Amino acid sequence: MFKLGRNDKCWCGSGKKYKACHERSDEEILRPLMDQGYPMPGRELILTPEQIEGVRKSAKVSVSIMDALEDFVKEGVTTNQINTLVDTMTREAGGIPAPLNYEGFPKSVCTSVNDVICHGIPDDTPLKSGDIINVDVTTILDGYYSDMSRMYMIGDVSDEARRLVEVTKQCMDEGIKCIKPYMPVGNIGNTIHDIADENGYSVVRALCGHGVGLDFHSDPVVNHFRTNRKTMILVPGMMITVEPMINAGAYDCEILDDDWTVVTKDGSLSAQWEHTVLITEDGYEIITK
Ligand code: MF3
Ligand code: CO
Ligand code: CO
């Protein structure tokens, strides 16, 4: 970011010369942070306005699928039927479901029920009243990735399960709301961890949010737990996910023999919500809205 000549085009993709664009703010804001030892993003993590448009279009597909699932996901429906709906809607929109064959993942969507934290594989088990399920959709459209997930509650859900789902949503929402450009990405996890603590829940540590847009998973690592380490500075044009996984019991995980399904070690319930978020000059924009 600092290797630019003053007459080169700015890193932000505005098309303006560096000296007329971000040079000054880089010197005043970023340079001191860099001197304090905060990692800086590489230029490849900053999307151009055209690329941002591409992710927006991809996100429209993801959102339309999640919206369709609001009515579709109910008692008696199998997670394989959810998989078929996601796969069909993605392809009808001209997209590709990113999970399919990703590092060997066998299906087009992740469906994580009750004590499954994430990466649940769709199967023929029907959903039953009282279940809570996370459906995680990632669409590739024209090469651009959008990643989002929501929780769905099936029939009569216990007060405790409902509270976990709602608090986890609050964790995601507040984790996003605290985003400001030029802050360390670790502030997101600090915010989320406080809310989980206040509610007697734990934050999963083994899995994290990530950069997204041009790839499925890129830098920065977006942890959802507290840290006092110096984490990467967020700058306008970066695209990340915020996707806290919150457990009713302890944070420890286990991976099942299918090599994918991540469950809580103590069998307690787990919930997750996810948005793709753009860092802007004023703050943030939720792209998967
Ligand atoms: N969508 C998940 C995430 O939020 C990743 C799923 S990887 C898969 O990062 F292979 F399980 F699909
Ligand atoms: Co993600
Ligand atoms: Co996801």
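Considering only 106, 256, 185, and ranking their Cα positions along the charge dipole of segment 41-286 that arises from unit charges at the beta-carbon of Lys, Arg, Asp and Glu, the one farthest toward the positive end is 185. When the charge dipole of the chain is built from unit charges on Cβ atoms (+1 for Lys and Arg, -1 for Asp and Glu) and taken about the Cα centre, the candidate among 203, 157, 277 whose Cα reaches farthest toward its positive end is 277. Beyond 32 Å in Cα-Cα separation lie the following of the pairs 60/177; 19/289; 16/177; 9/60; 180/265; 128/177: 19/289; 180/265; 128/177. Exposed loop positions in the chain were taken to be GluC sites (Glu not before Pro) whose DSSP state is not H, G, I, E or B and which have at most 14 other beta-carbon atoms within 10 angstrom. Between these positions, the longest stretch is 76-280.
The base-10 log of I(q)/I(0) for segment 215-283, evaluated at q = 0.16, 0.18 Å⁻¹, reads -0.75, -0.88 [Debye formula, identical scatterers on Cα atoms, solvent excluded]. With springs connecting C-alpha atoms under 10 Å apart, model the chain as a Gaussian network and identify which of 13, 120, 175 has the largest mean-square fluctuation. Fluctuation is largest for 13.
Looking at segment 1-134 from every direction and averaging, what is the projected area of its Cα convex hull in nm²? For the Cα atoms of segment 1-134, the hull's average projected area reads 11.8 nm².
When only Cα pairs under 8 Å and 6 or more residues apart are kept, what is the percent relative contact order across segment 210-268?
27 percent
Note on residue 28/residue 194: beta-carbon distance plugged into 1/(1 + (r/R0)^6) with R0 of 25 Å gives a FRET efficiency of 0.25. Calculated from the alpha-carbon coordinates, the chain shows an Rg and a Dmax of 19.5, 63 Å respectively.
Note on residue 166 and residue 266: the extension gain reaches 33.9 nm, defined as 0.36 nm multiplied by sequence separation minus the Cα-Cα distance. Stretching the chain fully between residue 14 and residue 258 yields a gain of 83.2 nm (0.36 nm per residue, less the alpha carbon separation). Applying the criteria of a DSSP loop state and at most 11 other Cβ atoms within 10 Å to the trypsin sites (Lys or Arg not before Pro) of segment 1-91 yields 3, 6.
Taking a sphere under 14 Å around the Cβ of residue 17 and counting the other residues whose Cβ falls inside, with K and R at +1 and D and E at -1, yields a net charge of +2.
Which length gain, in nm to one decimal place, applies between residue 75 and residue 159 when the Cα-Cα distance is subtracted from 0.36 nm times their residue separation? Here the segment from residue 75 to residue 159 would lengthen by 28.4 nm. Given a Förster radius of 22 Å and the C-beta distance between residue 44 and residue 228 as r, what FRET efficiency does 1/(1 + (r/R0)^6) yield to the nearest 0.05? FRET efficiency, residue 44 to residue 228: 0.20.
Shape analysis of segment 166-263 places it in the oblate category; the axes a ≥ b ≥ c from the Cα gyration tensor give an a/c of at least 1.5, with a/b not above b/c. Using a Gaussian network model of the chain in which every pair of alpha carbons under 10 angstrom is joined by a spring, one finds that among 149, 108, 268 the greatest mean-square fluctuation is at 268.
The alpha carbon radius of gyration of segment 103-214, expressed as a multiple of 2.2 N^0.38 Å, is 1.18. Amide H to amide H, with H built 1.01 Å from N, residue 183 comes under 5 Å of 234, counting only residues 5 or more places away or on other chains.
Across the chain, Cα pairs under 8 Å and at least six residues apart give a relative contact order of 20 percent. Taking every DSSP helix (H) stretch of at least 4 residues in the chain, weighting each as -39,500 (n - 2.57) and dividing the sum by the residue count yields a mean residue ellipticity at 222 nm of -8500 deg cm²/dmol. What you get for the chain, charging only the Cβ of Lys and Arg (+1) and of Asp and Glu (-1), is a dipole of about 1340 debye around the Cα centre.
Computed from the coordinates by the stated procedures, all read-outs in this text should not be read as laboratory data. Note that the coordinates shown come from a computational prediction; the quantities given were computed from them, not determined experimentally. Note: ideal-geometry Cβ built from the backbone for every residue, glycine included; neighbour counts use all protein chains shown.
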